[in-house]
Amino acid sequence: QVQVVESGGDLVQAGESLRLSCTASGLTFANYAMAWFRQAPGKEREGVSCVPSRGVVTYYAESVKGRFTISRDNAKNTLYLQMNSLKPEDTAMYYCAAARMTLTNANKGLCVRWEYAYWGQGTQVTVSS
C-alpha cells in the first residue's frame with residue numbers, strides 16, 4: 001500500500017523557521033513529482049511548492065518565494081520544505097502529495113497543475129504574531 005506521511009509541523013513565533021518532512025513508501029519515489037499544498041480554515045487549498053523527479057526545476061507560490069525551499073532525497077524517499085521567516089499568514093495544514101511522471105501530467109505544464117494521486121494526512125503549522 002502507498003503511504004505518504006508528513007512530519008515537522010509545530011507552533012512557532014513569527015520570524016522563526018521550521019522544516020517539514022515527507023516520507024513516501026509503496027511507490028518508486030524517483031518516478032513521482034512531489035509537492036507541498038496548504039489549506040487554512042475557510043480558504044481554498046493552495047499549491048505551495050513542487051518539484052519534478054529530477055529536482056532541477058521547482059515551483060513556488062509568490063507568497064513564499066525567497067522564504068521557503070523545497071528539496072528531495074530520492075535515496076531516502078523523502079521530501080522536505082524548509083520554511084524561514086515564517087509569518088502568521090503561513091498558518092495552515094500542510095499536505096504532501098505525489099504525482100505520477102506521465103506525459104499527460106507533463107503536458108499540463110507547471111507541476112502545481114498536475115493530478116496528484118497520493119496524499120498525506122497533513123501536518124499543522126501555526127505561526128503566532
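The values are calculated or read from the model by the stated rules, or taken from the named source; none is laboratory data. Note that the coordinates shown come from a computational prediction; the quantities given were computed from them, not determined experimentally. Note that each Cβ is placed from the backbone with ideal geometry, even for glycine, and that neighbours are counted across all protein chains shown. The protein model used for the area step is the full one, side chains on, heavy atoms only, and it has no ligands, DNA or RNA in it. Shrake-Rupley method; radii C 1.70, N 1.55, O 1.52, S 1.80 Å.
With respect to Ser25, is the statement that it is of a type in the set (Ser, Thr, Tyr) and open to solvent by less than 20 Å² (accessible area, probe 1.4 Å) true? When the stated conditions are applied, Ser25 does not pass them. Scanning region 24-81 for residues that are among the polar types (S, T, N, Q) and in contact with a Gly (Cβ under 9 Å, 6 or more places away or on another chain) returns Gln39, Ser71, Asn74. May I ask you to verify whether Lys65 is open to solvent by 80 Å² or more (accessible area, probe 1.4 Å), among the basic types (Lys, Arg) and farther than 30 Å from Gln1 by Cβ? So Lys65 fits the description; yes. Here is the figure for region 102-121: residues that are in a loop (DSSP other than H, G, I, E, B) and crowded, with 19+ Cβ neighbours inside 10 Å total 3. Restricting Gly47, Gly9, Gly15 to residues that are closer than 30 Å to Ser129 by Cβ, among the small types (Gly, Ala, Ser) and part of a strand (DSSP E or B) narrows the list to Gly47.
Starting from residues that are under 16 Å from Glu89 (Cα atoms) and small (Gly, Ala, Ser), keep the ones in region 1-22 and report whichever is surrounded by the most Cβ atoms within 10 Å (Cβ to Cβ). That would be Gly9. Condition first: surrounded by fewer than 15 Cβ atoms within 10 Å (Cβ to Cβ) and more than 17 Å from Lys65 (Cβ to Cβ). Now tell me which residues in region 80-101 satisfy that. Pro88, the sole residue that qualifies.
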